[in-house]
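Presented below is the structure to which this report refers.
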Amino acid sequence: MGILSFLRRKGADDYDPLDAGHWEAVRSGRPAFAALDAGEVLTLRRLASWFIATRDFVSVGDAGPGDLDKATIAVLACLPILHLGARWYDDWSTVLVAPDSFVHSMTTVDSAGVVTDYDDELSGRVTEMGPVLLSLADVRASGHGDGYNVVVHEMAHKLDERDGALDGCPPLPRSMSRRAWNDAFAPAFDDFCSRVEREGRGRKLLRSSRLPLDDYAAESPEEFFAVACETFFDAPHRIQGAYPAVTSLLATFFKGGDS
Ligand SMILES: [Zn+2]
């Protein structure tokens with residue numbers, strides 16, 4: 001067997017766990033990892049090594065990223081696929097790393113044909129079937145228990161788009177129904193949009209406001225799903241209290257379909 005065919009066949013289970021020093025540094029101060037049992041920790045550390053070995057990390061500007069940054073991105077990125085498995089990320093491989101949040105020029109056209117150009121400040125972005133772009137400053141600020149996790153957010157979009165439609169519903173295992181998913185997510189999204197209207201918009205209010213999720217979730221059903229995933233892993237009590245049916249479906253989905 002040639003080395004190339006060996007590499008192709010190497011699965012996440014064949015990798016040594018992420019080294020203890022990096023694991024400790026990433027885990028420390030990030031409450032989501034405290035809930036994992038020893039078997040889950042071992043699986044996650046192997047997935048993280050697999051992720052680092054199979055992704056092309058490309059620096060945008062002079063961001064680095066250093067080994068600890070790669071380990072941080074890998075561990076946070078693999079948390080959602082801990083029970084789903086590595087194959088969920090087999091349709092993309094490039095991680096672009098920018099030093100800080102970046103400005104993305106957007107154009108919208110309204111129903112009257114009025115064109116508006118504006119700049120949007122982003123901490124992460126995915127290209128369909130393509131690279132994930134992450135701000136290193138936001139990666140480092142992710143997962144500290146306040147509900148903010150740009151890596152999980154962008155990975156949620158990657159899971160969502162696997163069925164060809166970025167619509168807030170990833171491909172579901174056979175044991176889960178699309179109708180039940182819509183029946184939980186659609187009213188939760190509508191309710192959240194109403195809450196945002198009542199509380200007033202503004203990203204500065206986000207974390208200290210009474211909203212259960214970052215108000216970016218009101219942008220669209222797919223952003224609602226991505227923000228719900230961030231909160232589910234990072235501050236589960238917030239989403240559990242507001243949207244228990246959504247939380248229950250996310251728990252089942254991220255366990256791989258077993259309730
Ligand atoms: Zn998003």
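Table for the structure above
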quantity	calculated
For the chain: Kirkwood Rh in Å [reciprocal of mean 1/r, alpha carbons]	19.1 Å
Helix-derived mean residue ellipticity, 222 nm - over the chain, DSSP H n ≥ 4, -39500 (n - 2.57), to 500	-13500 deg cm²/dmol
Span from the the range 136-182 Cα centroid across to the the range 207-259 one, whole angstrom	9 Å
Relative contact order for the range 1-164, counting Cα pairs under 8 Å that sit 6 or more residues apart, in percent	21 percent
Around Phe57: net Lys/Arg minus Asp/Glu count, Cβ-Cβ under 9 Å	0
Highest-first arrangement of 156-165, 84-93, where packing means the average Cβ count within 10 Å	156-165, 84-93
Cut-off 16 Å, label 7 Å out along Cα→Cβ of Asp167, residues of the range 173-192 by amide N	173, 177-187
Relative packing of 233-246, 214-227, which averages over residues the other C-beta atoms within 10 Å, highest first	214-227, 233-246
Nitroxide proxy distance, nm - points 7 Å out along Cα→Cβ at Ala53 and Asp91	2.5 nm
Mean Cβ neighbour count within 10 Å, used as a protection proxy, ranking 31-43, 139-151 highest first	139-151, 31-43
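Any read-out appearing in this document is the output of simple, stated calculations on the displayed coordinates, not a laboratory observation. Computed from a predicted model, the values in this text were never measured in an experiment. Counting neighbours? That spans all protein chains shown, and the Cβs are built from the backbone with ideal geometry, glycine included.
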